[in-house]
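I have placed the structure first, in the form of structure tokens, so that the comments after it can refer back to it.
The values are calculated or read from the model by the stated rules, or taken from the named source; none is laboratory data. All values derive from a computational prediction rather than experimental measurement. Don't worry about glycine lacking a Cβ; one is built from the backbone with ideal geometry, like all the others, and counts go over all protein chains shown.
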Amino acid sequence: MNRSELVSTLASHFPELGSSDVDAAVKTIVEAIGNTLSRGERVEIRGFGSFNVTYHPERASRNPKTGAPVTVPSKASPKFKPGQLLRDRVDKTRLESANREHGTAPSAR
């Protein structure tokens, strides 16, 4: 799902809101998450997951082509960890899909 599909889905669930209102809300949420992460803070959405920033220190490496030593600069990268409810939902959907494909009964879990 991309951003425009998300906006369309939300607009269909909330017909009292205009498409431009839903687009503004999605944009605001994405910007808020990005701004919070850029300050190095954590974002947690209960039932969905959490976003945080992982820092990777500067390190020495080698150029694979020439073998010359190279310094890889430090960097920060965003990470997403899905919440338990999301993991369970995805796993359940995956198992049901696999069972339909193979014609097997769902396992008791």
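Worth pointing out:
- All positions within the stretch 82-106 that are surrounded by 12 or more Cβ atoms within 10 Å (Cβ to Cβ), at pLDDT 85 or above and in a helix (DSSP H, G or I): Leu85, Leu86, Arg87, Asp88, Arg89, Lys92
- For the stretch 1-55, the set of residues classified as over 26 Å from Ser77 (Cβ atoms), not aliphatic (A, V, I, L, M) and not in a helix (DSSP H, G or I) consists of Phe14, Pro15, Glu16, Gly18, listed by residue number.
- Residue within the stretch 31-40 that is within 27 Å of Asp88 (Cα to Cα), under 25 Å from the mean Cα position of the chain (by Cα) and modelled with pLDDT under 95 present: no
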